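Have a look at the structure below before the remarks.
The values are calculated or read from the model by the stated rules, or taken from the named source; none is laboratory data. From a predicted model like this one, the values you see are computed outputs, not experimental measurements. Neighbour counts run over all protein chains shown; Cβ positions are idealised from the backbone, glycine included. Protein only, heavy atoms only, side chains kept; ligands, DNA and RNA dropped before computing areas. Shrake-Rupley method; radii C 1.70, N 1.55, O 1.52, S 1.80 Å.
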Amino acid sequence: MAGETILIGKAAGKRAAPQGLDLRFANRHGLVAGATGTGKTVTLQALAEGFSAAGVPVFLADVKGDLAGISQPGGGPKLVERAVLTGVRDYTPEGFPTVYWDGFGDQGHPMRATLSERGPPLLALLLG
């Protein structure tokens, strides 16, 4: 993996330098924080896709479902235009392997927890 870099982003413009994460310096845990609209979700998607493409398993706790789109290939003229603007010449939309946790185990990986751990609201939902 030495020498591989995950492209995080690049501002549009000829003088802007691309920003990336060299996989040699990536550790086991990370935090992406910032105000609303600063690009946290897109940064996490770029990191998760980059690690996955490099063969590194990724676990993301995505409570709101903002990152679920990485399972499907993105595309469209706006993305291709942005890729060219930022210097990404070989942009090819692709999906990445994704497993969702499912509280009931019907449509995803079952969560292993007892009913008492899930709490009264979920138990009430189960019992109708």
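Cβ under 15 Å from Gly76's Cβ, Gly76 left aside: what net charge do those residues give with Lys, Arg +1 and Asp, Glu -1? My count for the surroundings of Gly76 gives 0.
Normalising the Debye intensity of region 68-128 to I(0), with uniform scatterers on Cα atoms only, and taking log10 at q = 0.25, 0.29 Å⁻¹ returns -1.04, -1.15.
3J(HN,Hα) couplings calculated from phi for region 63-69 with the Karplus curve 6.51 cos²θ - 1.76 cosθ + 1.60 (θ = phi - 60°) are, in sequence order, 5, 8, x, 5, 9, 4, x Hz; Gly and Pro show x.
Return the label of the correct value of Cα extents along the principal axes in Å, as calculated from the structure shown, out of [x] 60, 33, 28; [y] 58, 34, 24; [z] 43, 33, 29. Given [x] 60, 33, 28; [y] 58, 34, 24; [z] 43, 33, 29, the calculated one carries the label [x].
Lys and Arg at +1, Asp and Glu at -1: add these up for the other residues within a Cβ distance under 11 Å of Ile6 and post the number. Cβ neighbours under 11 Å give a net charge of -3.
For the chain, the fraction of 1.4 Å probe accessible surface lying on carbon and sulfur atoms is 58 percent. For Lys64, the aspartates and glutamates whose Cα comes closer than 19 Å to its Cα, not counting residues fewer than 8 places off in the same chain, are Glu49, Asp102.
Averaging Cα coordinates gives a centre for region 13-55 and one for region 63-127; these two points are 17 Å apart. For the chain, the Cβ-based charge dipole about the Cα centre amounts to some 500 debye (Lys, Arg positive; Asp, Glu negative; other atoms uncharged). Here's how it looks for Gly20: its modeled amide H is under 5 Å from those of Ile8, which are all 5 or more places away or on a different chain. When Rg and Dmax are taken over the Cα atoms of region 56-100, they come to 12.8, 33 Å. Between the residues Phe51, Thr98, Ile8, the greatest Cα displacement towards the positive end of the dipole of the chain, with unit charges on the Cβ of Lys, Arg, Asp and Glu, is found for Ile8.
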